Amino acid sequence: MCGISGIFSFSDQKNQAILDDIVAMTKVIRHRGPDGEGYLAININNEPYFFSGDDTPKSVIESDIPAKPIPKPSNISNQFKLALGHRRLAILDISETGHQPLALSEKDALITFNGEIYNHNEIRNELISLGYSFFGTSDTEVVLNAYKKWGVKCLHKFNGMFSFIIIDIENEKVFVSRDRFGVKPCYFWTSPNGFTAVASEIKQFEVLPGWSAELNIQKAYEFLNYGLSDHSNETLFNGVFQLQGGEFIYCNFDELPSPMKQVQRWYELSAKKNRENTSQQVKKFKEIFIDAVKIRLQADVDVATSLSGGLDSSSIVCTGAKKINKKEYLTFSAGAKNPKFDESQYIKEVSKETNIKNKMVQPNINDFIREMDQILWHQDEPVTGASIFAEWEVFKLVNRSGIKVTLDGHGADEQLAGYHSFFGPFFYSLLRQGRIIKFFIETLACKKTHRYSWKQILAFTIRPLLKSRLLEPIRKLADVNPSHPNWLKIEGYSIKCGLDDALVRYRFIQDQSIAQLLKTSVPIQLHWCDRDSMAHGVESRTPFLDYRLVEHVLSCDDSLKINMGQTKCILREAMKNILPSKILNRQDKMGFVTPEQEWIQKDKPQLFMKLIKESVDGCPQLFNQNTIKKAEKVIQGKSNDISFIWRIILFTRWLNVFSVSFPDRVGK
């Protein structure tokens, strides 16, 4: 797990400034890789120079690896056309042979890699059988040899999380890719000074010539009104783009001035019908899940698990406890003084069952307010609430405990129909199939288990039928995400109001799962988790996002996801005799939560009113007095739209942290 940097110059002024720039942007992300630092520059004659930095280990400098670094060139007259940088968090092959940028020989393909390939041993053995040799045991070396053998098709060999830049010197090609679900980030920015930069985090562009932070007003509207981000190639910074999960670029060096025109998809997630019976589907799920956990326990350092006490993280812990070979396997959790937001009883149940020691933090509002700007700097973009603070505090504790790797439960709810919003597509599907009796049985079970009213059940059922334009009057009346909110000053800006139905309206469980996995819920969570973990030098691994598991679950019957008012049925069935019954039969859901509603409405209402007014005064370009009125309703308990308060406050604080300017209004 690491951080990467790349600069590709296409101006006539190719000189040594590129060396200083690549070092500067790589040092910004020292937190992602405190264990090492390395650089590569290639001149116009395609000659590579590997050089070291302040944090490059002495053992690397004294080694005989192919990409052995030297002190940064200062008296070389060559003109450089591209450069790569790398920050290392040593997890696999922590010796000097894992140093990056990595090359197999002086004039071969070169790579800077961020992530883990969990099946690297199997691929390595296959490549050895084909005549390839290895000088180390890192998965990075496997990626580079796999590219040499299979070209861009090597991506389909990998089971892992990654983003990387490969420079193919011989063919003058650049190959940049991101894993299937976008667990690891990859951003692009083209400078007016004549180069394109690639980075793990947006803040790396701030130190480069030509940078100016300007707001992407369309994405700001989508964030402020709907709480959406990371659902497209665009970011909240104008001109900064990202590869989405399952995308890659493979092009000539001189085609990078317009990088997003070169983007292609290499992975398509689709739902195929599973013809096996339900018991076979459950058995296969269990086999894949156990293996997904097992391969993510591979490391040359200690591994732990984040434990919320819910079904997902508890399944990982209880499965991992049977597979781990370490002497001590820790879990880390967030608790709360208020029992309403505390899952300690479930965490203790898992700890008792597995005999695993647990460490816990209790996030509080004062700490969050104090660290808010620091968190936003690490996040790169504004967030929708304080729930990420619980995760932030957990990873801080993980770091203090000397742990570098955790397993986390992201992606489970989205594929297993864990959110109650899945009831709507489920009920609709039953009606569409003419299964009227089953429909009434399921709605009764849902009503009984979750105490929903018939009005709520009806709303669940009708929603998949209504297009966004038909829901708009209802939203406007309820003041819940109307396309033209009266508290947002969007007149004069070039904004497309509303959202595509594909992002907000789903008729079937599979449709909702795919949208949440690729566009809405999971990309946002992965962004937050990557920044929270890497801010503290911790690698987060996600067993539920093993592509084999996701593809299998999507192919399974709806009845294995929702049945008799119960969600995640296939996981519950697979975890029998593994999970404590108290966890197995849980129907409520929390995750790493914070008591945001109590903080705002009971503990600190005056503070939040003050913060809202400061936000409105500090951002007159977008907010008006109706923003304050809407916030007052929330703070007074007349509305439970808690996220609205946070979106306003955190967005404005983010503007200040990154000194973001506004575009001109149309016609100004």
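Things to note:
- With respect to being of a type in the set (A, V, I, L, M), in contact with a Lys or Arg (Cβ under 7 Å, 6 or more places away or on another chain) and within 17 Å of Val550 (Cα to Cα), Val293 fits the description.
- Total residues in region 339-359, condition modelled with pLDDT of 90 or more and over 17 Å from Ile583 (Cβ atoms): 2
- Checking each residue in region 116-138 for being in contact with a strand residue (DSSP E or B) (Cβ under 9 Å, 6 or more places away or on another chain) and either over 21 Å from Asp64 (Cβ atoms) or surrounded by fewer than 16 Cβ atoms within 10 Å (Cβ to Cβ) (or both) picks out Glu116, Ile117, Tyr118, Asn119, His120, Ile123.
- Counting only strands (runs of 3 or more DSSP E) that sit wholly inside region 170-274, those with at least 1 residues that are over 22 Å from the mean Cα position of the chain (by Cα) and either under 30 Å from Val616 (Cα atoms) or touching a residue at least 40 places away in the same chain (Cβ under 8 Å) (or both) are 173-178, 187-191, 195-199, 247-252.
- Qualifying residue in region 569-585 (condition: surrounded by fewer than 18 Cβ atoms within 10 Å (Cβ to Cβ) and closer than 24 Å to Asp511 by Cβ): no
- Condition met for Glu391 (within 19 Å of the chain's Cα centre (by Cα), part of a helix (DSSP H, G or I) and either surrounded by 18 or more Cβ atoms within 10 Å (Cβ to Cβ) or on the phi > 0 side of the Ramachandran plot (or both)): yes
- Selection within region 625-648 - in contact (Cβ under 8 Å) with a residue 60 or more places away in the chain and either part of a helix (DSSP H, G or I) or touching a strand residue (DSSP E or B) at 6+ places or on another chain (Cβ under 8 Å) (or both): Asn626, Thr627, Lys629, Lys630, Ile642, Ser643, Trp646, Arg647, Ile648
- Screening Gly492, Gly498, Gly434 for residues that are farther than 30 Å from Glu247 by Cβ, at pLDDT below 90, not polar (S, T, N, Q) and not in a helix (DSSP H, G or I) leaves exactly one candidate, Gly492.
- From Asn171, Asn145, Asn193, Asn159, residue being at pLDDT 95 or above, over 24 Å from Ala515 (Cα atoms) and not small (Gly, Ala, Ser): Asn145
- Residue within region 184-191 that is over 18 Å from Asp530 (Cα atoms) and either surrounded by 24 or more Cβ atoms within 10 Å (Cβ to Cβ) or not aromatic (Phe, Trp, Tyr) (or both) present: yes
- Test: Asp367 is touching a residue at least 60 places away in the same chain (Cβ under 8 Å), among the acidic types (Asp, Glu) and outside any loop (DSSP other than H, G, I, E, B): no
- Filter pass, Glu201 being in contact with a helix residue (DSSP H, G or I) (Cβ under 7 Å, 6 or more places away or on another chain) and either at pLDDT below 95 or among the charged types (D, E, K, R) (or both): no
- When restricted to residues that are without any contact (Cβ under 8 Å) to a residue 24 or more places away in the chain and among the polar types (S, T, N, Q), region 370-404 contains 1.
- Lone unmet requirement of (1) crowded, with 22+ Cβ neighbours inside 10 Å; (2) modelled with pLDDT under 90 for Asp603: (1)
- Of all residues in region 323-336, those that are in the same structural domain as Ile347 (by TED's automatic domain parsing) have Cβ atoms under 7 Å from Cβ atoms of residues that are in a loop (DSSP other than H, G, I, E, B) and at pLDDT below 80, 6 or more apart or on another chain, in Ala334/Phe592; Gly335/Asp342; Ala336/Asp342.
- Of note, Val207 satisfies the criterion of being surrounded by fewer than 18 Cβ atoms within 10 Å (Cβ to Cβ), among the hydrophobic types (A, V, I, L, M, F, W, C) and not assigned by TED's automatic domain parsing to the domain that holds Pro382.
- Scope region 290-332; condition among the small types (Gly, Ala, Ser), out of contact with any Gly (no Cβ under 7 Å at 6 or more places or on another chain) and not in a loop (DSSP other than H, G, I, E, B); matching residues: Ala292, Ala304, Ser306, Ser314, Ser315, Gly320, Ala321
The values are calculated or read from the model by the stated rules, or taken from the named source; none is laboratory data. Just so it is clear, the structure is predicted and the values come from calculations on it, not from any experiment. All Cβ positions, even for glycine, are placed from backbone atoms using ideal geometry, and neighbour counts span all protein chains on display.
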